[in-house]
Structure formats: structure tokens, C-alpha cells
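Please treat every number below as a calculation from the coordinates, not as lab data. Computed from a prediction, not measured in an experiment: that's the story for all the values here. Every residue, glycine among them, receives a Cβ derived from its backbone with ideal geometry; neighbour counts consider all protein chains shown.
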Amino acid sequence: MIKGTVTGLGKMGLSHAAIVSAHQKVDMVAVCDTSSLVLNAFNKFSKVKTYTDYQKMIDGEKPDFVVIATPTKFHYPMVKYALENGVHVFCEKPFTLTTRQGDELTELASRKGLVNQVGFHNHFIGTFRELRRLLGENVLGELVHFSGEAYGPVVTREKGSTWRSNSSEGGGCLYDYASHVINLIQEIIGRPQKIKGTLLKSIYSKGVEDAVFSLLQLESGLTGTLLVNWSDETYRKMSTSLTVQGKNGKIICDATEIKIYLKKAVPSEKLEKGWTIKYITDFAIPVDFYLRGEEYSAQIDSFVDCVDKKQQPQYNTFEQAKYTDAVIEMILEDAKK
């Protein structure tokens, strides 16, 4: 059995702990958090060892891997300590708060030959994978525009300060919400290289933005928009979508369906002229344990499989996540102008 551990038992950490503990190849030996309330629950209802110090957990348990789901400001020291001790790392997004930190951790993981993955779960949603495949088959012809969007009801009123309202802790819509969309754009459509204009807008928060509106130029020269607002209460939960337009039509993709409009049919893909709509049920990735959505289990399944086979993931490596952090830095710099 592969020995697994989890550090950080907030909402995402608890989800990861449930998925890891149910995995057939994993023996979840320990968890770590500073909350006595959460740790007491683990002590009472499970046989998993509990720690308040992640270094002591790694030193004492010598796990094969650790899932790090703490606030972003803790990622760098925790990931570094794990890698230095030969532990494979799954880290929640965003990866780090500076590209310098990301460069160091990426190089260290590569030098140590350790499996590394970051929790951009949208790449484990089948509709987004299908979008990437269709673009690779050039069904839209020459691309002319794209839009990456996300909306949700995270901050819908003025309230007291938390880590979400502190950019130095990875708070704010850009780090916490828009990073998902940026990462999708860079890995499905192309990597942004220039920012042509940015508006970071505060609606309810003090000190951080609640909305991000930016114009991106990709390495291919293609331009498009980033439109993200986490203060939109017309949505029940986060809704993320990509729209790509080409000379032969348009594709609109989200977590539930992919809508394809073509001016000319593409027989090789069995796509007729006009609209074709396909649903996530055609593309969902099968998992043994379902929690919140297949994508959350699928990303852990992929990571564990890579640890087992000692190979690097196809999706969401440190290098890919580091580039997302670099785009965030470009957007922040552009917003100052």
C-alpha cells in the first residue's frame, strides 16, 4: 500500500482526506491541522494519526505522498520540506505566491524525481478534455477569439476579514477563482504572453478584488478575454466556461455540456453543419469513489497512479501551475498601469 497523508483540513482538505482514505491503493496514515476541533473528530471517529506540525508528521510517518491543502502562503515551505524529504506532493491551487518560489519548487521536484501535481480540477472534467481534443483536430479552423469566464457567490456582502480578503495569503478573486480559468486557457487554447488591459474591481471586499476583467494575448497572437466575478449571487456555485470562436464556427464549453456550432461539417468527427450539443455524461471520467464530482476523485486517482508507477502526470504539474502564477503576476502588474 502507498502511504498517504493530508495537511490542511479545511473544506478542500477534508474532501481530499475522504477521497484519499477511500482509495484502494492508499493507506492514509496521518492528517495535520491546527484545529483541535477537527483533529478531535479524527481521533474519535478514525484510526488515522493526527498532528499539528507538518514537519513532525513527515518525519514520524515517512509517507510516500502528502496532499497540501492549506492557505496559499503556507504552500512554499510545506512543499519544499516534503520534497527535501523525498515525499511526492499534491498541492492545492494556486501553487505559490511568487514565480520565484514556483521556480525553486519545480526545479527541486525535477531534481529529486518526485511526482508533483496541483489541484486545478477542471482538467479532469470530460467536456473540457473534449474541447482540447477538438481544438487539436482543428474543427474550428483558424481561431479568432476566446473567452474564459467564471462566476459564483463567494463574497456577496461586506463582512469581516478572513484569509480570502488578504492577497498575501492567496486571497482575492484573481488567485482563488480566476486562476482556474487562466489555467484552463493556457493548457487548452494557449499560454498567455501579454496582458493588454486589466480591471480589478472590489465590490464587497476590502483590500482585494471581487472581479477580474482582462484582455489576454496568447503566444500564437490570438487574443481573448478573462471575465471572472465571485460576487455574483445569481449562481448557486462556481460556474466556469470557455468559449472559442474560429472561422468555421464556435464552441461553448462548461462542466455540464459542450455546444459546437460549425459553418461547415467535419465528417471525420461526425459533426454536422450547425449546432451539435454533447453532455458530460458522454465524457465523464469513471471513478470508484464519488465526492462533490468525479473530477475531484479523478485528479487524486491520477496522482496516486503516477506515484505508484513513478511517472509524472500529464495534467497539472508544478511547471504548468507555475506558469499560471506567472500570468497572475502579469495581470497584477498590468493593473497597476
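If exposed GluC sites (Glu not before Pro) are those in a DSSP loop with at most 14 other Cβ within 10 Å, what is the longest stretch of the chain that has none? Don't skip to the answer; put the middle values down first.
Values: sites that count: Glu137, Glu142, Glu158, Glu219, Glu233, Glu272.
By the stated rule (loop sites, at most 14 other Cβ atoms within 10 Å), 1-136.
With unit charges on the beta carbon (Lys/Arg positive, Asp/Glu negative), name the residue among Met12, Met1, Leu134 whose Cα is farthest towards the positive pole of the charge dipole of the chain.
Leu134
For the chain, set up a Gaussian network in which alpha carbons nearer than 10 Å are linked by springs, and say which option among Asp305, Asp325, Asp254 fluctuates the most.
Asp305
Please work out how much length the chain gains when fully extended from Thr225 to Lys62, using 0.36 nm per residue of separation minus the C-alpha to C-alpha distance, in nm with one decimal. Write out the running numbers ahead of the final one.
Numbers: separation 163, 0.36 × 163 = 58.68 nm, distance 4.50 nm.
Extra length from Thr225 to Lys62 when fully extended: 54.2 nm.
Reachable lysines from Lys206, Cα under 17 Å, same-chain residues fewer than 8 places away excluded?
Once the sequence-local lysines are set aside, what remains near Lys206 is Lys159.
Stretched out fully, how many nm does the piece from Phe213 to Lys11 gain, at 0.36 nm a residue minus the Cα gap? Mind showing how you got there, number by number?
On the way: separation 202, 0.36 × 202 = 72.72 nm, distance 2.73 nm.
Here the answer is 70.0 nm.
Which is farthest toward the positive dipole end of the range 287-337 among Leu291, Thr324, Phe303, measuring Cα position about the Cα centre, with Cβ charges +1 (Lys, Arg) and -1 (Asp, Glu)?
It is Thr324, whose Cα lies furthest towards the positive end.
Please state the shape class of the range 212-267: rounded when a/c is under 1.5, otherwise prolate if a/b exceeds b/c and oblate if not, all from the C-alpha gyration tensor. Mind showing how you got there, number by number?
Details: a/c = 3.47, a/b = 1.37, b/c = 2.53.
Note, shape of the range 212-267 comes out oblate.
Size of the dipole of the range 95-233 about the Cα centre, Lys and Arg at +1 and Asp and Glu at -1 on the beta carbon, nothing else charged, in debye to 20? List each step's numbers first, then the result.
Numbers: 14 positive and 16 negative charges, 42 e Å.
It works out to roughly 200 debye.
Need the list of lysines near Lys80 for cross-linking: C-alpha distance under 24 angstrom, and skip anything on the same chain fewer than eight residues off.
Answer for Lys80, where 24 Å is the Cα cut-off: Lys3, Lys11, Lys49, Lys56, Lys62, Lys93, Lys112, Lys309, Lys310, Lys322, listed by chain and number.
From the alpha carbon gyration tensor of the range 161-268, can you work out the equivalent ellipsoid semi-axes (sqrt of 5 times each eigenvalue) and give them in Å, largest to smallest? Before the final figure, lay out each step's value.
Working: eigenvalues 178, 55, 23 Å².
Whole-Å semi-axes of the equivalent ellipsoid: 30, 17, 11.
Using a Cα-Cα cut-off of under 17 Å, which aspartates and glutamates could be cross-linked to Lys47, ignoring same-chain neighbours fewer than 8 residues away?
Asp27, Asp33, Glu61
What does the C-alpha gyration tensor say about the overall shape of the range 19-145? Classify as rounded when a/c is under 1.5, otherwise prolate if a/b is larger than b/c, or oblate. Walk me through the numbers on the way to the answer.
Values: a/c = 2.38, a/b = 1.73, b/c = 1.38.
Prolate is the answer for the range 19-145, as a/c is 1.5 or above and a/b outweighs b/c.
Looking at the chain, send over the antiparallel percent of its DSSP beta bridges, to the nearest 5.
Values: 43 of 69 bridges.
The answer is about 60 percent antiparallel.
Might you report the magnitude of the Cβ-based charge dipole of the chain about its Cα centre, with Lys and Arg at +1 and Asp and Glu at -1, to the nearest 20 debye?
Values: 41 positive and 40 negative charges, 63 e Å.
Result for the chain is approximately 300 debye, rounded to the nearest 20.
Subtract the Cα-Cα distance of Ser202 and Thr52 from 0.36 nm times their separation in residues, and report this length gain in nm to one decimal. Walk me through the numbers before you get to the answer.
Working: separation 150, 0.36 × 150 = 54.00 nm, distance 3.51 nm.
Answer, rounded to one decimal: 50.5 nm.
Taking the beta-carbon count within 10 Å as an exposure proxy, list Ile182, Ile188, Ile285 from fewest neighbours to most.
On the way: Ile182 30, Ile188 22, Ile285 16.
Neighbour counts put them in this order, fewest first: Ile285, Ile188, Ile182.
How high is the FRET efficiency between Lys80 and Glu269 when r is their beta carbon distance and R₀ equals 41 Å, given to the nearest 0.05? The partial results should precede the final answer.
On the way: r = 45 Å, r/R0 = 1.09.
Computed FRET efficiency for Lys80 and Glu269: 0.35.
Would you please classify the overall shape of the chain from the alpha carbon gyration tensor, given that a ≥ b ≥ c denote the square roots of the eigenvalues, rounded means a/c under 1.5, and beyond that prolate means a/b larger than b/c while oblate covers the rest? Walk me through the numbers before you get to the answer.
Details: a/c = 1.78, a/b = 1.42, b/c = 1.25.
Here the chain falls in the prolate category.
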